[in-house]
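K.L.:
If you scroll down you'll find the structure; I have some questions about it.
Nothing in this text is a laboratory measurement; each read-out follows from the coordinates by a stated rule. Keep in mind it's a predicted model, so treat the numbers as computed, not measured. Quick reminder, even Gly has a Cβ in these numbers, built from the backbone with ideal geometry, and neighbours come from all protein chains shown.
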Amino acid sequence: MPRIERKLIGIFGRINAGKSTCMNLLTRQETSLVDPQPGTTADIKSALMEIHAVGPVELLDTAGLDEVSPLGQKKRRKTLAALTEVDLAVLVVDPVQTLLLGDPAVEDAIVTIAHHHDRRLCVVLNRRADGAEHLRASGATWSEARRFALSVLPDRAGTPVLELDLADRERSGELAAFLASAVGPAADATPLLPMVHRHGAVVLHIPLDEESPSGRLLRPQEMAMEALLRAGVPVGLYRVDLSLARCSNPAVVERQRRNFVGFLASFERCGGVQLVLTDSQAIDLMNAWVPGEISLTTFSIMMVNQTACGDMSVFIDGTRALDTLRAGDRVLIAEACNHDRIAEDIGTVQLPRKLAAAVPGLEFDHAFGREFPESAELRRYRLAIHCGGCMIRPQKLAARVARLREAGIPVTNYGLALSWYEGKATLGRVLAPWPSVRRGAE
Ligand SMILES: Nc1nc2c(ncn2[C@@H]2O[C@H](COP(=O)(O)OP(=O)(O)OP(=O)(O)O)[C@@H](O)[C@H]2O)c(=O)[nH]1
Ligand SMILES: [Mg+2]
């Protein structure tokens, strides 16, 4: 299954400003519940759609930021986390509502946070048909209300603003075109394996173990296969039985090794093997078994390189923090997917065991799925180790990295950490095939 790069567009604003009405106008259906009851949208509602001039898009309808209650606080936290991830933040304002309340604090907060996190922003002024009545009663004019609402924009001239009645279904196309111009052109997708060429095969080492789901391969494995086939590169698949390859009988181990090396040699007649891509947990064996003239890297590094848009430098810098860990330091292990953890799970068993062997006395915490600590909590950690992030949007991983950076916490990745454990030479070897690393070394 190829990963579709979707632009992420989030709709933000005050309770009852018309955020869900905006979502429904775009999708031309009742995607989100709309109701006069304040606080109707309790959790983030997501919809996938194509916007002709943009391509695939994920829309997020969020809860109003101004609900004052313990539940409102929870909604607020989720909405603000989404605001740090989006490619475009759409601030929906009902100028009459804002003017009558007399304080544009909610709009100001959204503009400030979007600006701080370097998110694109646009404003939709909801010119409701019933607004005129409220204005008349207050003695103000539409242009006063408009000016008051827009006073929160630091640079009014540069921020795209659209004024429309969100209940007017005829204007869906106009709203879509406005968002398309505000979100900007799509960036070229980062290639998954930029180093491969058409001469020589790529061997994928996939050690199906107890953790592997039956009936399908893991997403990075499928993605690599598809990318290689599309590029016309011959692909070989191999499974080393890790329990036999790591058993105490040297004859059994040697047999496993010979079989694998024989498989690599079988490609000689069609140009040999240019690269072995392995599951990170087998990097020890692969480093020992793959001949030095063949490049070697891991699925997890492949994923993080793509998710980080080809610039892994922040994760590579993070590996240096591994050298400075001391007893008593806390390490955060973050894994973006949800799966039940059995046997030799990498995040909960293998990584902590290896790190504890290298630096006794380390403390570990885990963050699974969508959970990720707030900035203040992150300061407790000396290092974060993140998975390849194949199950989350690149935008979410980027927001997490930005949050760690702000908290001053280095971050590395599963594949890099497991390779570091094998020694500097192994780490250097798995990084060497990547163009950005090669460029940095020049
Ligand atoms: N006539 C008219 N009514 C609107 C318009 N926009 C919103 N409304 C009404 O205002 C109420 C709130 O709209 P929603 O779209 O649910 O507002 P929201 O910002 O999603 O509200 P919360 O989810 O509660 O934060 C609903 O009764 C809508 O029908 C509009 O442009 N014109
Ligand atoms: Mg809503």
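K.L.:
Starting from the range 1-90, pick out the trypsin sites (Lys or Arg not before Pro) whose DSSP state is loop and whose Cβ has at most 16 other Cβ atoms within 10 Å. Don't jump to the answer; show the numbers that get you there.
P.N.:
Values: sites: 3, 6, 7, 14, 19, 28, 45, 74, 75, 76, 77, 78; in loops: 3, 6, 14, 28.
Answer by residue number: 28.
K.L.:
Using a 10 angstrom cutoff on alpha carbons, build the Gaussian network for the chain and name the most mobile of 18, 64, 428.
P.N.:
428
K.L.:
Another question, then. Taking the Cα centroid of the range 113-138 and of the range 271-340, what is the distance between the two, rounded to the nearest whole Å?
P.N.:
The two parts, judged by their Cα centres, are 46 Å apart.
K.L.:
If you line up the long axis of helix 313-322 against the longest principal axis of the chain, both from Cα atoms, how many degrees apart are they, to the nearest 10?
P.N.:
So the inclination is approximately 60 degrees.
K.L.:
Here's a follow-up. Shape call for the range 246-307 from the C-alpha gyration tensor, a ≥ b ≥ c root eigenvalues: rounded (a/c under 1.5), prolate (a/b greater than b/c) or oblate?
P.N.:
oblate
K.L.:
Continuing with this model, one more query. Explain nothing, just the number: dipole magnitude of the range 309-421 about its Cα centre with +1 on each Lys and Arg Cβ and -1 on each Asp and Glu Cβ, in debye rounded to the nearest 20.
P.N.:
I would put it at about 180 debye.
K.L.:
Could you tell me what a quarter of the Cα convex hull surface of the chain works out to, in nm² with one decimal place?
P.N.:
Details: hull surface 97.4 nm².
Dividing the Cα hull surface by four gives the mean projection, 24.3 nm².
K.L.:
Compute log10 of I(q)/I(0) for the range 71-225 with the Debye formula, placing one identical point scatterer on every Cα and leaving out solvent, at q = 0.13 Å⁻¹, to two decimals.
P.N.:
-0.76
K.L.:
With unit charges on the beta carbon (Lys/Arg positive, Asp/Glu negative), name the residue among 305, 242, 364 whose Cα is farthest towards the positive pole of the charge dipole of the chain.
P.N.:
Comparing the listed Cα positions along the dipole, 242 ranks first.
K.L.:
Hey, another quick one. Based only on the alpha carbon positions, what is the Kirkwood hydrodynamic radius of the range 239-393, in angstrom? Mind dumping the intermediate values first?
P.N.:
On the way: mean 1/r = 0.0562 Å⁻¹.
Result for the range 239-393, one decimal place: 17.8 Å.
K.L.:
Determine, for each peptide in 91-97, 123-129, 351-357, the mean count of other beta carbons within 10 angstrom over its residues, then list the peptides with the highest first.
P.N.:
91-97, 123-129, 351-357
K.L.:
Counting Lys and Arg as +1 and Asp and Glu as -1, each charge on the Cβ, what is the dipole of the chain about the Cα centre in debye, to the nearest 20?
P.N.:
760
K.L.:
In Å, what Kirkwood hydrodynamic radius results for the range 309-421 from the alpha-carbon pair distances?
P.N.:
Roughly 14.0 Å, rounded to one decimal.
K.L.:
Quick one: dipole size for the range 201-302, taken about the Cα centre, charges +1 on Lys/Arg Cβ and -1 on Asp/Glu Cβ, in debye to the nearest 20.
P.N.:
220
K.L.:
To test your reading of the geometry: what angle, between 0 and 90 degrees and rounded to tens, separates the Cα axis of helix 219-230 from the longest principal axis of the chain?
P.N.:
80
K.L.:
Once every DSSP H run of n ≥ 4 in the chain is given -39500 (n - 2.57) and the sum is divided by its residues, what mean residue ellipticity at 222 nm do you get, rounded to the nearest 500 deg cm²/dmol?
P.N.:
Numbers: 19 runs with 177 residues, N = 442.
-11500 deg cm²/dmol, from helical runs alone.
K.L.:
Let me know the shape class of the range 201-302, please: from the alpha-carbon gyration tensor, a ≥ b ≥ c as square roots of the eigenvalues, rounded when a/c is under 1.5, otherwise prolate if a/b is greater than b/c, or oblate.
P.N.:
Note, shape of the range 201-302 comes out oblate.
K.L.:
Classify the range 139-282 from the C-alpha gyration tensor, please: rounded if a/c falls under 1.5, else prolate or oblate depending on whether a/b exceeds b/c.
P.N.:
prolate
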